[in-house]
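**Student:** Below is one structure. I have some questions about it.
Derivation of every value follows stated rules applied to the coordinates shown; laboratory data play no part. Predicted model only: the values in this text are computed from it and were never measured. Glycine also receives a Cβ, built like all others from the backbone with ideal geometry; neighbour counts cover every protein chain displayed.
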Amino acid sequence: MTTHKTAGEHLAALKAEKEGYKDIFVLFEKIFIEKEKVRKKIAAVKTYPDKDGIRLRLKEGFPVADRTSFAPDPTLLENYFRTLLDIMAVNNADAVAYVKETLQLAGSFDVFFDKICSEEAEGYIASVEKGKDVLLFSVNEALKPFWEKYCEGIRSAVTEANWTGGTCPVCGSYPSMADLRGEEGRRYLVCAGCSMEWPYARIKCPFCETVVQQDLEYFMPENDARYRVMLCKRCRHYLKMLDFREMESPPVFAVEHLATLHLDVIAQKEGYRTEDALVNLIL
């Protein structure tokens, strides 16, 4: 098995291996480059809740971050969001034009983004007439480097003893993938928003929390033991999983997510869905 040292190397290999997804890999090469530029400019987070506050939020079932502790640099965030829209415009010109028009009508970027990230966001997004998937992906992707920076300093405060939920204990997002580790194949969920990883019960759906074995099915692609997909017949969600035990080195989840799009296609053809903005944009 070939081991890739960086996300860029892995993406370059994927372009050669998977011709059908080449345009997608080219798009994400550009996004990864811009994201890395932003990451280097993000200052260290200094506004985390205190330890008691963290324990209390987790005990009550809330993620650690709140509007006080998570406050991305507005200028850096706006510039990155607009850069993402420009990248997306190559393949989604009409949708991006509509998003930019919506942003302009809001009067300012701050007002626009507050609406997108507020508790009333679902209703606001439902009112968008065109390009919902482009809008959701661009918003989530714009926030991602800031969430990942935030997560770096809070990761150790979250333990199996204080969090057993299926959503992310840091930012509250649903998982994009899962992985199996160790001799017993312990399962960890991987957050789509901040890349947090946390242990989770092996036989349990993180979306509806059913533990009824008859509700959960799994399939694996032929001749590739590295991957499998959990299907929940109760809530009709699916989750892709990597098996660390079959890999030579820890994967780059963002790239593995793209490399396994064929599994998303199979699951969705069977009537299952995901909450992942990236997959919903592409498929």
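**Student:** In the set [x] 16.6; [y] 14.2; [z] 15.4, which value of mean projected area of the Cα convex hull in nm² was calculated from the structure you see?
**Tutor:** [z]
**Student:** Mind listing which GluC sites (Glu not before Pro) in region 140-174 are in a DSSP loop and have 12 or fewer other Cβ atoms within 10 Å?
**Tutor:** GLU160
**Student:** Tell me, what ³J(HN,Hα) does each residue in region 259-270 have, in order and in whole Hz, if you take phi through Karplus 6.51 cos²θ - 1.76 cosθ + 1.60 with θ = phi - 60° and put x for Gly and Pro?
**Tutor:** Computed from phi, the couplings for region 259-270 are 5, 10, 4, 4, 6, 4, 4, 4, 4, 6, 5, 8 Hz.
**Student:** If the cut-off is a Cα-Cα distance under 27 Å, which lysines reach LYS46, setting aside same-chain residues fewer than 8 apart in sequence?
**Tutor:** Partners found: LYS35, LYS37, LYS59, LYS115, LYS144, LYS149.
**Student:** Going by how many other beta carbons lie within 10 Å of each one, how would you line up GLU217, GLU19, fewest first?
**Tutor:** Values: GLU217 14, GLU19 9.
Fewest-to-most ranking of GLU217, GLU19: GLU19, GLU217.
**Student:** Anyone know which of CYS151, CYS208, CYS194 comes out most mobile in the 10 Å Cα GNM of the chain?
**Tutor:** Answer for the Gaussian network model of the chain: CYS208.
**Student:** Roughly how many whole Å is it from the C-alpha centroid of region 24-67 to that of region 223-277?
**Tutor:** Result: 23 Å between the Cα centres.
**Student:** Could you give each residue of region 157-167 its phi-based ³J(HN,Hα) in whole Hz, using Karplus coefficients 6.51, -1.76, 1.60 with θ = phi - 60°, and x for Gly or Pro?
**Tutor:** Values per residue, Gly and Pro as x: 7, 9, 10, 5, 6, 10, 8, 10, x, x, 9 Hz.
**Student:** Can you compute the modelled spin-label distance between ARG234 and TYR124, with each label point 7 Å from Cα toward Cβ, in nm?
**Tutor:** 3.3
**Student:** Using a Förster distance of 51 Å, how high is the FRET efficiency between ASN162 and LYS18, based on the Cβ-Cβ distance and rounded to 0.05? All intermediate terms of the calculation are to be shown ahead of the outcome.
**Tutor:** Details: r = 40 Å, r/R0 = 0.79.
E(calc), rounded to 0.05, equals 0.80.
**Student:** Still on this structure, please answer the following. Can you show me the helix-derived [θ] at 222 nm for the chain, built from DSSP H runs with n ≥ 4 at -39,500 (n - 2.57) apiece and divided by the number of residues, rounded to the nearest 500.
**Tutor:** -14000 deg cm²/dmol
**Student:** Let me ask you something else. Determine, from the Cβ-Cβ distance of SER249 and ASN223 and an R0 of 22 Å, the FRET efficiency 1/(1 + (r/R0)^6), rounded to the nearest 0.05.
**Tutor:** For SER249 and ASN223, the calculated efficiency is 0.60.
**Student:** Report ³J(HN,Hα) in whole Hz for each residue of region 238-251, in order, from the Karplus equation J = 6.51 cos²θ - 1.76 cosθ + 1.60 where θ = phi - 60°; Gly and Pro get x.
**Tutor:** The phi angles translate into 9, 8, 7, 10, 9, 9, 4, 5, 9, 10, 6, 8, x, x Hz.
**Student:** Here's a follow-up. May I ask you to list the lysines whose Cα is less than 23 Å away from that of LYS269, ignoring any residue fewer than eight positions away on the same chain?
**Tutor:** LYS18, LYS22, LYS132, LYS204, LYS233, LYS240
**Student:** OK, next. Taking just the alpha carbons, could you work out the radius of gyration and Dmax for region 38-156, both in angstroms?
**Tutor:** Looking at region 38-156, its Cα Rg and Dmax stand at 15.8, 48 Å.
**Student:** Relative contact order of the chain: what whole-number percent is it, with Cα pairs under 8 angstrom and at least 6 residues apart?
**Tutor:** Numbers: 369 pairs, mean separation 45.0, N = 283.
Reported as a whole number, the value is 16 percent.
**Student:** If neighbour count is taken as other Cβ atoms inside 10 Å, put SER176, SER156, SER69 in order from fewest to most.
**Tutor:** Working: SER176 23, SER156 7, SER69 17.
In increasing order of surrounding Cβ atoms, one gets SER156, SER69, SER176.
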